[in-house]
Amino acid sequence: MNSLSNIATAKLEQGAPSMHGGDIVSASAHYNIAQEHWLDLSTGLNPKGYPTANVPAKAYSQLPYLQPEFLKSAKDYYGCASLIPLIGSQMLIQALPGMLESKPVLLPDVGYSEHRDSWQKAGFSYHNYPAFSQSAMVEHIDKALANNSASHLVVINPNNPSGVLIAPEQLVTWANKLESGCYMIVDEAFIDLTPKLSVLALNWPANMLVLRSFGKFFGLAGIRIGFAFAQGELAAKISDKLGLWMINGPAQYIATKAFADTQWQRQANLTLAENAQYTQQLFAPLIDALVTLEAIKIQCQCPLFSAIEMPLARALAIQAHCCKAGILLRVINLSQIAVKQQRALLRIGVLDRENSAQSTKVKDCVAQYISEIKNI
């Protein structure tokens with residue numbers, strides 16, 4: 001075992017947490033750094049979220065029945081009226097298997113892991129398809145449905161963390177191939193920056209469920225708003241599972257304003273592109289240094305995150321080094337994929353380029369790591 005593998009193994013043996021994206025609480029406890037001193041680059045959130053000031057008192061004092069203004073603004077923003085508000089899409093991801101027939105499920109070999117966990121816990125059999133290449137994904141799903149169309153199909157579009165994006169017309173084609181009682185689930189949590197590529201813009205079939213997330217583009221994950229777009233029997237099942245007061249009053253008020261604020265949305269698109277490019281430039285010296293040492297591949301550079309494939313030991317070592325500086329990155333272990341044993345994706349979110357303190361923190365951390373690996 002080389003020195004790098006020894007370092008990574010030691011980190012794991014010492015109990016370094018395998019953290020979900022955004023888990024500053026665990027990172028703070030493990031590294032003994034106060035939460036307010038962390039720079040969280042482990043998620044795919046807009047670092048300049050929609051402003052939340054001046055929420056009226058009645059939003060806090062009244063019971064949070066769904067307000068007509070909230071529903072209208074959401075329908076206008078998404079361009080679709082068949083929506084069901086959720087306390088984040090995560091709640092439906094967990095509950096969905098209990099609403100559907102017990103059929104095999106086609107799942108991406110890498111993606112938001114809560115999808116896989118939910119189907120596994122519910123006892124569904126599943127089959128993986130490759131999620132690192134658009135052409136490989138399309139070819140594999142086409143063949144799988146030709147062999148057995150009595151399957152549910154889950155597509156994360158664009159995929160998190162591989163960044164692969166499938167044309168919405170292709171998604172509809174797959175949904176139409178499924179047998180009766182089988183559903184296609186499309187998770188569009190990161191589609192806001194390319195809304196014309198959403199399947200909601202098409203005439204999508206009744207056996208399709210589309211999930212959307214409010215928190216990522218608007219940078220407000222903490223208010224927990226998501227939406228399910230469904231029709232017919234599935235929409236009725238989802239609605240029956242939900243109780244009263246799904247979205248709290250302040251969240252409805254803020255989201256209503258955010259959905260209608262097209263000027264902010266246009267500026268956010270421009271600012272996010274600038275921040276993403278700036279963040280990529282900050283980490284570019286690190287990537288350049290690693291390329292000289294081992295097999296590194298930039299898998300994707302999206303407006304809300306970048307993902308770099310590298311040896312698992314290296315990714316863990318970089319994560320640990322950054323954590324000591326109060327910078328949280330995400331490591332996605334790819335060892336469950338046969339052709340990617342001991343490989344990982346290092347996912348890096350986006351920082352605000354106008355925050356000079358954060359920029360300096362990243363520059364210093366990157367420079368220190370480069371110096372260390374050059375001295376090994």
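The values are calculated or read from the model by the stated rules, or taken from the named source; none is laboratory data. Values in this document were obtained by computation on a predicted structure and should not be read as measured data. Reconstructed Cβ throughout: ideal geometry from the backbone, glycine too, with neighbour counts over all protein chains shown.
Some notes on this structure:
Conditions tested, residue by residue: (1) among the hydrophobic types (A, V, I, L, M, F, W, C); (2) outside any loop (DSSP other than H, G, I, E, B); (3) farther than 30 Å from ALA59 by Cβ.
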{"residue": "ALA268", "(1), (2), (3)": "yes, yes, no"}
{"residue": "PRO285", "(1), (2), (3)": "no, yes, yes"}
{"residue": "GLN299", "(1), (2), (3)": "no, yes, yes"}
{"residue": "ILE308", "(1), (2), (3)": "yes, yes, yes"}
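- Selection count where residues are among the small types (Gly, Ala, Ser), modelled with pLDDT of 95 or more and not in a helix (DSSP H, G or I), scope segment 53-73: 1
- Count of residues meeting criterion [exposed (fewer than 15 other Cβ atoms within 10 Å of the Cβ) and in contact (Cβ under 8 Å) with a residue 60 or more places away in the chain] in segment 277-314: 2
- Residue within segment 141-148 that is buried (at least 16 other Cβ atoms within 10 Å of the Cβ) and of a type outside the set (A, V, I, L, M) present: no
- Selection from segment 145-157 of residues that are assigned to a helix (DSSP H, G or I) and small (Gly, Ala, Ser): ALA146
- Every residue from segment 41-68 that is closer than 17 Å to SER213 by Cβ and touching a strand residue (DSSP E or B) at 6+ places or on another chain (Cβ under 7 Å): SER42
- Search result, residues across segment 349-363 that are closer than 15 Å to ALA325 by Cα and either among the small types (Gly, Ala, Ser) or buried (at least 17 other Cβ atoms within 10 Å of the Cβ) (or both): ALA357, GLN358, SER359, LYS361, VAL362
- Here TYR50 meets each of (1) in a loop (DSSP other than H, G, I, E, B); (2) at pLDDT below 95 with one exception, condition (2).
- Neighbours by Cβ (under 6 Å, 6+ apart or cross-chain): first from segment 326-341, closer than 13 Å to ARG314 by Cα and assigned by TED's automatic domain parsing to the domain that holds ALA315; second of a type in the set (Gly, Ala, Ser) and assigned to a helix (DSSP H, G or I): VAL331/ALA315
- Residues that are assigned to a loop (DSSP other than H, G, I, E, B) and closer than 27 Å to LYS297 by Cα, drawn from segment 109-144: ASP109, VAL110, GLY111, TYR112, PRO130, ALA131, PHE132, SER133
- Considering segment 334-348, the residues that are in contact with a helix residue (DSSP H, G or I) (Cβ under 9 Å, 6 or more places away or on another chain) and among the small types (Gly, Ala, Ser) include one that is surrounded by the fewest Cβ atoms within 10 Å (Cβ to Cβ), namely SER335.
- Residue under evaluation ASP76, criteria (1) part of a loop (DSSP other than H, G, I, E, B); (2) touching a residue at least 40 places away in the same chain (Cβ under 8 Å); (3) surrounded by fewer than 16 Cβ atoms within 10 Å (Cβ to Cβ), criterion not met: (1)
- Among the candidates ASP117, ASP142, ASP109, residue that is of a type in the set (Asp, Glu) and under 19 Å from VAL339 (Cα atoms): ASP109
- Residue within segment 175-187 that is touching a helix residue (DSSP H, G or I) at 6+ places or on another chain (Cβ under 9 Å), free of Cβ contacts under 8 Å to residues at least 40 places away in the same chain and of a type in the set (Val, Ile, Thr) present: yes
- Positions within segment 228-273 being β-branched (Val, Ile, Thr), out of contact with any strand residue (DSSP E or B) (no Cβ under 9 Å at 6 or more places or on another chain) and touching a residue at least 12 places away in the same chain (Cβ under 8 Å), in sequence order: ILE254, THR256, THR271
- Being touching a Cys at 6+ places or on another chain (Cβ under 6 Å) and either farther than 16 Å from PRO51 by Cβ or in the same structural domain as PRO64 (by TED's automatic domain parsing) (or both) is a description that does not apply to ALA295.
- Taking the conditions (1) more than 16 Å from the chain's Cα centre (by Cα); (2) part of a helix (DSSP H, G or I) in turn, ALA344 satisfies each one other than (2).
- Here PRO161 clears all of (1) within 18 Å of ILE298 (Cβ to Cβ); (2) touching a residue at least 40 places away in the same chain (Cβ under 8 Å); (3) out of contact with any Leu (no Cβ under 7 Å at 6 or more places or on another chain); (4) not charged (D, E, K, R) except the condition numbered (3).
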